[in-house]
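A short reminder: the numbers here are calculations on the coordinates, not readings from a lab. Bear in mind the structure is a predicted one, so any value in this text is a computation, not a measurement. Don't worry about glycine lacking a Cβ; one is built from the backbone with ideal geometry, like all the others, and counts go over all protein chains shown.
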Amino acid sequence: MSLLKKLTFLSFLLPLVSAGPSGFGHAFSSGPTADGNWIRIANSTLVVPSPPLPQKGLLSLWVGMGTSNGDLIQSLVESYNDAIDAGCGVLDGDWCAWTTSGKALGWGTAEECNQAAPAYPCGLTPAHSWINTVLVLDQPQPDYSNTFGSFGASGTLTSSDGGKTWTADKITIDAWNYTPTCPDDDGYKLTTLDNSVFNTTCNSDFVGGELKNSTMGSIQDCVTACDETENCFFAVWDGKTCGLKSSVAEKVVREGMIAGSLVSKGC
C-alpha cells in the first residue's frame, strides 16, 4: 500500500482510539463509504494466534468501524501482563454494551500496542488471520473497493452482487515487531512494567561501571534486566549481549550499539 493510502486509513480510524499513546502495525482497511451509504452488517472471525512469550505490554488485535458520530466500535482480543488493562471487559466472559454510536462508515483491522505507562513495549506480534469476513452495505457501492488499503496484509474483500455485499475467506495480517530499532527509534523512551523510564540512543555505549553481562534478545529485555538490578543506571546491547552499568559509566559513541539510560525510577 502507498504511504498516502496508509495515512488515509490512519486519519479515518485511529484518531477515534481513546487509549493512551499507541503504536500500530500492519492492517487492512476499507472506507469511508459514499455519502448517504453505510455498513449495515459486519461479521469477521479472528483465528487467535499464540500470545507473545513473554507477554509484554498491552497488545490488542482488533477490527473496528468508524461511525458517523465520530466514534469507533471495536472488537478486541488482548494480551497483557498483570493488571495493565482496566475497566469493562477485563474479566473472562465479560460482555460490554453501549448506546447507539451512529452509522458505520468504514471497517478495518489493527495491531495496536498501547505504550502508556505502565505498559511495556509489545515486542513481536505474531501473524494472524481474519476469516469469513462479510460486510453488507445499506446500498450497493461497486467502487467501494477503491477505498481499500493494505499494509502488510494479504487477501481482500470482493463483491458478487454489484457492490452491496463484500466478502473475504481469509485476510492474513503479517507479524509486526514493536522492538525499538535504529536509526528510526533513536531517542525512544522505554517504560518497564515497574514504571521506570529509560531513554534509548543509537550508536551509543557506556564504558566503566560494569555490573553484569548476559545474552539478551532485545534492548527492552536488557533495559528490564537493568531495572531489576541494584545500582544499574545504564543498559547497552549489541544485538546479542547485554551489559549493565552503574552510575560511574561514561557515554561514548559506538557504531551498532543501543544504550538505555535511566531517566526515572518506578516502583
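State, to one decimal in nm, how far the label point of V136 lies from the label point of D174, with both points 7 Å from Cα in the Cβ direction.
Distance between the two pseudo-spin positions: 3.5 nm.
Suppose R0 equals 22 Å. What FRET efficiency, 1/(1 + (r/R0)^6) with r the Cβ-Cβ distance, do E210 and K240 give to the nearest 0.05? Intermediate results must be reported in sequence, preceding the final value.
Details: r = 17 Å, r/R0 = 0.77.
The value I calculate is 0.85.
Taking amide H positions as placed in the peptide plane 1.01 Å from N, state which residues far from W176 in sequence (5 or more) or on other chains have amide H under 5 Å from it.
Residues meeting the criterion, in which the H sits 1.01 Å from N, are T125.
Non-local amide H neighbours of F233 (under 5 Å, H modeled in plane, Pro and chain starts lacking H): which ones?
Residues meeting the criterion, in which the H sits 1.01 Å from N, are K245, S246, S247.
Counting Lys and Arg as +1 and Asp and Glu as -1, what is the net charge of the other residues whose Cβ lies under 11 Å from the Cβ of N213?
Details: positive: K212, K240, K245; negative: E210, D238.
That sum, taken over residues with Cβ under 11 Å, equals +1.
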